[in-house]
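Shown next, in structure tokens, is the structure this report addresses.
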Amino acid sequence: MPGALAARVAALAVPANWKVTASRAVAADLAGALHASAAGRLVLFSPPSAGIPERLAQMLVPHDGTPATSAALQAIRHLPPGNHTEVVALHVAATNAPSEPGSFPALRMVDHDGHDWREWREEFRRRFFRCPPGVPVRLQVTAGLSPEVIVRTARMIPADLIVMGWGGVLKAGRALTLRAVCEATPCPVLLVPAPRGGRTHLRTEGARGHPMYRRRASIAHSGL
Amino acid sequence: MSDLPDLSAPDSDGADAFPEPVDDPLWKLEVVDYDRLREREVESWFTVANGRTGTRGSIEEGTAESSPATYVAGVYGRPPDSETEPELMLGPYWIYLAPRLLETHLSLDLGEILEHRRVLDFRQGILFRTWRQRLPSGVETRFRSARFASISDRALAALEAEGRSSDGFPITLVGEIPLPSAPSLEHVAFSRHDGLLNVELVARKGGRAWFSIGTSEVDNRLERMTAVSRAGLGSEPEISTDEALTNARNEGIRVLRDRHRSAWEQLWRSADVAVEGDPQAQLSLRFALYHLISSGDPESDLASIGARGLTGPAYQGHVFWDTEVFVLPFFLYTQPRVARNLLAYRYRTLPAARTRARNLGYRGALFAWESADDGEDCTPRMAVAPDGRVVPILTGLQEHHISADVGWAVWQYWEATRDEEFLLHCGAEILVETARFWASRADRGRDGRHHITHVIGPDEYHEDVNDNAFTNSLAKWNLERGLEIADLLNGIDPSRWQELVSRLGLHQTELADWGVVAQGLPSMFDPESKLYEEFAGFFQLEDIIAADLAPRPFAGDLLIGRERTRRSQLIKQADVLMLLHMLPNGLSRELVRANYRYYEPRTSHGSSLSPSIHSAVAASAGLYEEALTYFHMGAAVDLSDRMGNAALGVHLAAAGGLWQAAVIGFGGVRSQADCLRIDPRLPHSWSRLQFPLAWRGTNIKLAADRSRLEIDLDSAAMVALGDGRPRRLSSGRYRAELRGDRWSEAEEVKAPRSA
């Protein structure tokens with residue numbers, strides 16, 4: 001794992017309490033990287049053809065609207081604030097709606113252009129990620145074949161790192177996008193497996209957490 | 001734990017028994033457990049509203065995922081940094097509770113959820129919640145709540161809740177009511193008086209609202225009632241909230257709840273569409289009707305209905321053509337008073353529509369594409385496209401068909417009610433002013449014809465087009481109705497007509513010009529192919545079949561890009577088919593089918609307004625199974641979150657469209673000048689379709705199966721079956737048989753009329 005980049009990745013991994021695989025052998029070996037990631041590890045895959053960036057100025061986070069790929073967006077939450085990294089969250093709209101419960105794919109119907117995409121972005125952010133203060137995030141939506149679009153966008157930005165969440169399942173026919181991106185990537189790819197099992201964690205802060213309702217009034221009550 | 005009480009067992013019955021939802025699964029929507037990702041979607045579905053306030057279905061103690069809100073209908077404020085986009089006022093979060101067991105605050109993430117169930121009971125108009133939790137200490141707690149926005153006493157809403165624990169310690173529920181905080185609110189103040197919490201809200205450059213909230217908590221049981229009063233722009237408060245609340249508390253929550261349930265029963269009797277053989281269709285329809293009924297207010301014309309009603313923040317409560325064309329027809333035939341109030345909003349905003357027309361160099365009235373309380377156009381001018389680019393939004397500048405849509409709604413109201421008083425004092429003026437607009441909007445071309453150029457039709461993938469068939473035909477229709485209303489009004493009340501002529505400065509030459517323009521507008525219809533061309537040059541564009549690109553629905557401009565979409569025949573939603581749906585009289589089935597067969601394959605259904613209209617048009621073309629497919633696509637808009645943004649509110653146009661697909665499509669109901677025409681045809685999986693209608697003062701019940709029709713009228717009405725001749729049916733029950741493709745004459749059944 002290249003030094004400066006490894007330090008950055010470690011910064012992501014430590015607060016998330018992930019086990020990080022930092023083997024040079026794995027780093028350039030796709031099959032090995034996928035196996036390590038499928039085992040629940042955070043793996044930085046860096047093929048010889050990919051450049052090694054000095055710093056993380058531009059980070060590309062592809063997403064297909066499924067909770068599985070949202071693991072990558074969760075990772076962004078742990079970026080140190082004010083580190084001058086811009087995140088481009090790239091949503092590649094699939095022609096078929098994802099079947100995973102809780103998925104939130106790109107709009108298939110847009111009644112009012114002036115509103116619907118803005119509101120979709122708001123809901124997408126609330127559903128899948130919260131960014132630390134000071135980290136600019138661009139949420140971009142596009143269509144097409146996912147791997148090609150992701151690699152093309154990574155070249156265009158140009159991205160220093162692609163962060164890809166995935167379901168962690170290596171069966172035939174699965175993780176096709178991830179494999180294709182890793183094979184053609186112009187930069188290192190951080191593989192983030194989706195958390196395994198268990199119910200969705202609930203954080204209950206009460207309505208006071210909602211910005212629309214900050215003030216409180218004492219409620220008067222009396223016996224019946 | 002064996003010595004602890006069983007909290008999963010129901011309580012005994014009794015006068016004080018906690019209310020329960022109905023058993024019938026076709027009258028309720030139930031969500032079990034808690035999905036953090038979908039919570040805001042559930043909150044939209046579970047809104048309780050009464051046309052005056054709408055409270056999202058957020059759980060009482062709130063979660064980080066919640067978007068809690070109580071919206072105040074018809075009251076808007078203007079954020080200081082955005083003069084053009086007013087937003088609907090938020091009221092206090094009056095349902096908030098803070099359940100505590102001793103010092104422990106109860107929440108879904110504290111311990112283990114044993115049961116979490118929410119039920120929206122359509123029939124009673126009540127949202128129920130049951131929640132059992134095992135705390136880390138092993139103690140089990142049970143919480144129940146029921147809430148409603150009273151449909152009988154529309155200023156009131158109520159919440160009942162109770163908490164129990166297995167260790168016998170009391171659960172307290174009461175918490176401090178959160179007050180709204182939004183840039184569009186200029187002033188929020190509260191005070192306590194006689195055990196009530198009084199909240200005053202003043203919208204920035206908008207109206208005002210007052211809430212009084214009273215809570216009682218005894219023996220683990222809490223009752224809370226809230227009263228609301230509004231004042232729109234320049235109007236006075238509706239009521240005194242503390243007086244209304246004091247009266248309600250004196251009567252008690254059970255009395256209020258019983259009255260509310262009775263009112264819902266009554267409304268369902270005038271609106272329910274019963275489908276046998278297709279439980280999914282039935283549930284979807286009741287979900288749609290529940291939200292439509294909840295959005296309307298027959299007692300006040302202070303508010304119109306926004307595209308998401310009172311269910312979510314999307315579109316900031318703005319009013320679009322969705323209201324007149326998709327939502328209003330439901331009310332026309334079920335609660336005409338609500339339809340009248342919706343049109344009263346347009347009448348009240350006529351001055352803004354006149355100003356808008358004048359500012360653009362036209363005469364008459366051009367209604368805003370998006371509007372709030374004052375009728376000013378508040379369509380955003382720019383938006384961030386999916387690819388991140390900022391793009392201009394032209395709908396506010398070019399989607400002028402809204403003026404004809406409003407005129408169309410006025411005429412539909414007149415056809416369905418024959419309400420002369422409204423026509424004389426409001427409707428006629430709207431029709432005259434919108435006709436006047438179209439006469440000035442059309443230009444005479446070198447070919448001697450009149451043309452309406454630089455417009456957007458319902459298919460918003462194609463902007464800045466000329467001679468859009470929908471716009472031209474609606475404009476022509478509007479001009480003709482303007483002339484008809486002149487004759488009609490002159491006949492009914494000549495002095496009123498003269499007063500209007502004088503006030504509007506209307507000259508006979510102007511009326512004559514309307515006829516010339518109406519005749520001069522190209523219909524874009526080719527008699528040989530029987531096709532309407534969507535707009536001038538449409539047939540020369542790249543021919544794209546939508547289904548070849550991706551499974552529908554899809555956003556075409558996202559999939560193939562805005563520019564290619566613009567240069568192709570890929571269309572967003574019913575456009576020519578919308579025209580055939582809105583102006584169906586005199587169209588042959590052959591013509592409808594030819595246009596359906598051409599345009600349906602080229603439609604991506606990239607709008608929630610599309611599937612239900614395709615369903616209705618397919619049914620009128622005799623394509624009943626395709627109609628059913630589209631019916632289910634329309635039903636999925638919110639319940640399957642097809643739009644992807646149900647979290648921000650329920651799509652009321654889709655709900656209204658679903659009613660139209662059932663009643664106008666499969667029910668074959670058409671209001672014509674001389675009669676109500678009925679021609680029900682069912683898809684294979686529907687064994688029976690039954691619904692009520694209010695038409696020109698007669699309450700009609702229709703029940704159809706695949707070969708028989710029953711009609712029940714409480715007074716005489718002119719009715720035509722299929723393409724048969726109109727016939728006056730007196731009060732009574734009638735039956736007709738479908739023989740081949742034609743209905744037999746309706747024969748009176750001597751049995752007593754159904755209740």
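The values are calculated or read from the model by the stated rules, or taken from the named source; none is laboratory data. All values reported here derive from a predicted model rather than from experimental measurement. Because the Cβ atoms are built from the backbone with ideal geometry, glycine has one as well, and the counts that use them run over all protein chains shown. Quick note on the areas: whole protein, heavy atoms, side chains included, nothing else; ligands and nucleic acids left out. Shrake-Rupley method; radii C 1.70, N 1.55, O 1.52, S 1.80 Å.
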Practice task
Can you find, among B:Ser604, B:Met89, B:Asn472, the residue farthest towards the positive end of the dipole of chain B? Put +1 on the C-beta of Lys and Arg, -1 on that of Asp and Glu.
Solution key: B:Asn472
Handout entry: Relative contact order %, region B:25-268, counting alpha carbon pairs below 8 Å whose residues are six or more apart
Key = 18 percent
Handout entry: Dipole of the protein assembly as shown [Lys/Arg +1, Asp/Glu -1 at C-beta], most positive-end residue of B:Gln412, B:Phe539, B:Phe211
Key = B:Phe539
Practice task
Sum up the charges of everything whose Cβ sits under 15 Å from the Cβ of A:Arg152, counting Lys and Arg as +1 and Asp and Glu as -1, but leave A:Arg152 out.
Solution key: -2
Fill in the blank from the handout: Dividing the helical contributions, -39500 (n - 2.57) per DSSP H run of n ≥ 4, by the residues of chain B yields a 222 nm value, nearest 500 deg cm²/dmol, of -9500 deg cm²/dmol
Exercise for the section: Evaluate the charge dipole of region B:657-755 about its Cα centre and quote only its size in Debye, nearest 20, assuming +1 on the Cβ of each Lys and Arg and -1 on the Cβ of each Asp and Glu. Expected result: 40 debye
Completion exercise
If each part is reduced to its alpha-carbon centroid, region B:74-134 and region B:496-569 end up apart, in Å, by 44 Å
Completion exercise
Compactness check, region B:25-111: C-alpha Rg relative to the 2.2 N^0.38 Å globular estimate gives 1.33
Fill in the blank from the handout: Across B:28-39, the residue-averaged tally of Cβ atoms belonging to other chains within 10 Å stands at 3
Fill in the blank from the handout: Computed Rg/Rh for region B:542-583 (Cα atoms; Rh = Kirkwood radius) stands at 1.02
Exercise for the section: Note the direction-averaged projected area, equal to a quarter of the hull surface, for the Cα convex hull of region B:276-666, in nm². Expected result: 18.7 nm²
Handout entry: Accessible area buried between chains A and B, both sides summed, probe 1.4 Å, in Å² to nearest 100
Key = 6300 Å²
Practice task
Restrict the search to region A:156-199; then list the trypsin sites (Lys or Arg not before Pro) that DSSP places in a loop and that have at most 10 other Cβ atoms within 10 Å of their Cβ.
Solution key: A:Lys171, A:Arg196
Practice task
Identify, among B:Val617, B:Val576, B:Asn645, the residue whose Cα sits farthest towards the positive end of the charge dipole of region B:565-655, taking +1 on the Cβ of Lys and Arg and -1 on the Cβ of Asp and Glu, with the dipole about the Cα centre.
Solution key: B:Val576
Exercise for the section: Amide H neighbours of B:Ala716 under 5 Å, at least 5 residues apart or on other chains, H built in the peptide plane: list them. Expected result: B:Ser731
Exercise for the section: Calculate the radius of gyration of the Cα atoms of chain B to one decimal place, then report Dmax, the largest Cα-Cα distance, as a whole number, both in Å. Expected result: 26.7, 93
Fill in the blank from the handout: Cα gyration tensor of region B:165-296 diagonalised, 5x eigenvalues square-rooted, in angstrom largest first, produces semi-axes 31, 25, 16
Exercise for the section: Straight distance only, please: which lysines reach the Cα of B:Lys476 with their own Cα at less than 21 Å, same-chain residues fewer than 8 apart left out? Expected result: B:Lys530
Exercise for the section: Using Cα centres only, tell me the gap between region B:172-226 and region B:648-683 in whole Å. Expected result: 41 Å
Completion exercise
Per the Cα gyration tensor, region B:25-268 corresponds to an equivalent ellipsoid with semi-axes, largest first in Å, of 30, 20, 19
Practice task
Could you sort the residues of region B:164-188 by number and keep only those whose accessible area is reduced by 20 Å² or more in the all-protein-chain setting relative to the chain alone, 1.4 Å probe?
Solution key: B:Val174, B:Glu176, B:Ile177, B:Pro178, B:Leu179, B:Ser181, B:Val188
Exercise for the section: Rounding to the nearest 20 debye, state how big the charge dipole of chain B is about its Cα centre with +1 on each Lys and Arg Cβ and -1 on each Asp and Glu Cβ. Expected result: 1400 debye
Problem - Cα-centred dipole magnitude for region B:25-268, charges only on beta-carbon of K, R (+1) and D, E (-1), debye, nearest 20 - result: 500 debye
Fill in the blank from the handout: Of every hundred units of 1.4 Å-probe accessible area on chain B, the number belonging to carbon and sulfur atoms, as a percent, is 49 percent
Fill in the blank from the handout: Relative contact order in percent for region B:135-184 (Cα pairs under 8 Å, 6+ apart) equals 30 percent
Practice task
Using Cα positions and a limit of under 13 Å, work out the aspartates and glutamates in reach of B:Lys750, with same-chain residues fewer than 8 apart set aside.
Solution key: B:Glu710, B:Asp712
Completion exercise
Checking region B:334-435 for trypsin sites (Lys or Arg not before Pro) in a loop per DSSP with at most 15 other beta-carbon atoms within 10 Å yields B:Arg381, B:Arg389, B:Arg418
Practice task
Give me the angle, in degrees from 0 to 90, between the Cα long axis of helix B:279-295 and the longest principal axis of the Cα atoms of chain B, rounded to the nearest 10.
Solution key: 90 degrees
Exercise for the section: Work through the residues other than B:Gln690 whose Cβ is under 11 Å from its Cβ and net out their charges, Lys, Arg +1 and Asp, Glu -1. Expected result: -3
Problem - 10 Å Cβ neighbours from other chains, averaged over peptide B:548-559 - result: 5
Fill in the blank from the handout: Binned at 10 Å from zero, the C-alpha pair distances of the protein assembly as shown give percents of 2, 11, 19, 22, 21, 14, 7, 2, 1, 0
Completion exercise
Checking region B:681-746 for trypsin sites (Lys or Arg not before Pro) in a loop per DSSP with at most 15 other beta-carbon atoms within 10 Å yields B:Arg706
